[in-house]
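> After the structure tokens below, expect a handful of questions from me.
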Amino acid sequence: MIHTGDRLSAFLDGELPAEREEEVRVHLTVCPACREELAEVQEARSALRSLPLTEVPFPVDDVVVRGAQRRRSRVRALAAAVTAAAVMAGIVLASDEPPPQLDLAEIAGQHTARVALDPAASPVRLVVAVTE
Amino acid sequence: MTDPTVPSWEEVARRHGRKIYNFAYRLTGDPDEAADLSQEVLLRVRKGLAGYTPGSFEGWLWRITRNAFLDDVRRRQRRPTSPLGDQPDRISVGASPAPDEVLASLRLGEDVQQALLDLPVEFREAVVLCDVVGLAYQEISEATGVPLGTVRSRIHRGRRMLRERLS
């Protein structure tokens, strides 16, 4: 006798095509072992289905706003840092100009800092390579 | 031009948020982790909706959900074993059900939840998608990227293991 195996769950879930379903139904009438297995998976399925579907413990439509706010404040912080660094190096940020490559060695002294400003990016991206 | 057949993220959040959260909770056993995971899913949905081409929406949504869960598992690299009910005041509220209501509802089925956490993750995922989320086998196959036969086998073996642990 060929037992039904995982076809039992598919049978329970209505996921078998009609002829297969009929085959399982017929088999179950003559096979107590498979009937028992069916009862087992049925119990597990019921236990899972009766788990409470709990409410979401945070306001769902607030999620994306909060995510966006987190990103915007990170961007603002970065922009502020860029501006501060530029001001300290005596550079004026102009958004229409092509990215200037500046060697700040003369200004900074011990350190060489190459600053590439990419005004096309939003926000302004500051790439600083510092070599000692 | 927005395709009227593609839902907005607000619609997705409203209609599916609860199931996404419950999927995350039943897979992790941790309300806080589930909350973080749900938020991550909704953010990814929002980003992904722009490029979404109409097809099987459920499959697409649950593929995102499930992948976010796997990314989370890899990041945390631990098996979730936290029992229910610790530190109720850590759940953020806002305009939502009171923490003790949420926990009261979570405490029901505690034994089932514990048994779920003992299952190998691929079986746990399969039975949760089938019996908690209510997806069809085809949708589970799309969400997980495994063939229908494998879905069927995992559901069946997952249920048998669960029943064994519950008895």
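The values are calculated or read from the model by the stated rules, or taken from the named source; none is laboratory data. Just so we're clear, the structure is a prediction, and the values are computed from it rather than from any experiment. Note that each Cβ is placed from the backbone with ideal geometry, even for glycine, and that neighbours are counted across all protein chains shown.
> How many of the residues in the stretch B:21-31 are in a helix (DSSP H, G or I) and more than 9 Å from chain A (Cβ to nearest Cβ)?
4
> Looking at (1) assigned to a helix (DSSP H, G or I); (2) within 7 Å of another protein chain (Cβ to nearest Cβ), which is the one condition that is false for A:GLU15?
Going through the list (1) assigned to a helix (DSSP H, G or I); (2) within 7 Å of another protein chain (Cβ to nearest Cβ), A:GLU15 breaks only (1).
> Collect the residues in the stretch B:121-156 that are touching a Gly at 6+ places or on another chain (Cβ under 8 Å) and outside any helix (DSSP H, G or I), keeping them in residue-number order.
None; the set is empty.
> Okay, moving on. Among A:VAL26, A:VAL56, A:VAL41, which is of a type in the set (A, V, I, L, M) and closer than 14 Å to B:ILE155 by Cβ? Before the answer, list the steps.
Working: A:VAL26 fails: closer than 14 Å to B:ILE155 by Cβ; A:VAL56 fails: closer than 14 Å to B:ILE155 by Cβ.
Result of the check over A:VAL26, A:VAL56, A:VAL41: A:VAL41.
> Right, another one. Can you pull out the residues in the stretch A:18-56 that are outside any helix (DSSP H, G or I), under 38 Å from the mean Cα position of the chain (by Cα) and either among the small types (Gly, Ala, Ser) or at pLDDT 95 or above (or both)?
A:SER50, the sole residue that qualifies.
> Now for a different question. Answer with yes or no whether A:ALA33 is more than 7 Å from every other protein chain (Cβ to nearest Cβ), surrounded by fewer than 15 Cβ atoms within 10 Å (Cβ to Cβ) and in contact (Cβ under 8 Å) with a residue 24 or more places away in the chain.
Values: more than 7 Å from every other protein chain (Cβ to nearest Cβ): yes; surrounded by fewer than 15 Cβ atoms within 10 Å (Cβ to Cβ): yes; in contact (Cβ under 8 Å) with a residue 24 or more places away in the chain: yes.
Judged against the criteria, A:ALA33 is a match.
> In addition: Scan the stretch B:49-63 and give yes if some residue there is farther than 21 Å from B:GLY145 by Cα, out of contact with any Pro (no Cβ under 8 Å at 6 or more places or on another chain) and either surrounded by 15 or more Cβ atoms within 10 Å (Cβ to Cβ) or small (Gly, Ala, Ser) (or both), otherwise no.
Yes; the residues of the stretch B:49-63 include at least one that is farther than 21 Å from B:GLY145 by Cα, out of contact with any Pro (no Cβ under 8 Å at 6 or more places or on another chain) and either surrounded by 15 or more Cβ atoms within 10 Å (Cβ to Cβ) or small (Gly, Ala, Ser) (or both).
> Need the failing condition index for B:GLU10 against (1) in contact with a helix residue (DSSP H, G or I) (Cβ under 8 Å, 6 or more places away or on another chain); (2) modelled with pLDDT of 90 or more, just the number.
It fails just one condition, (2).
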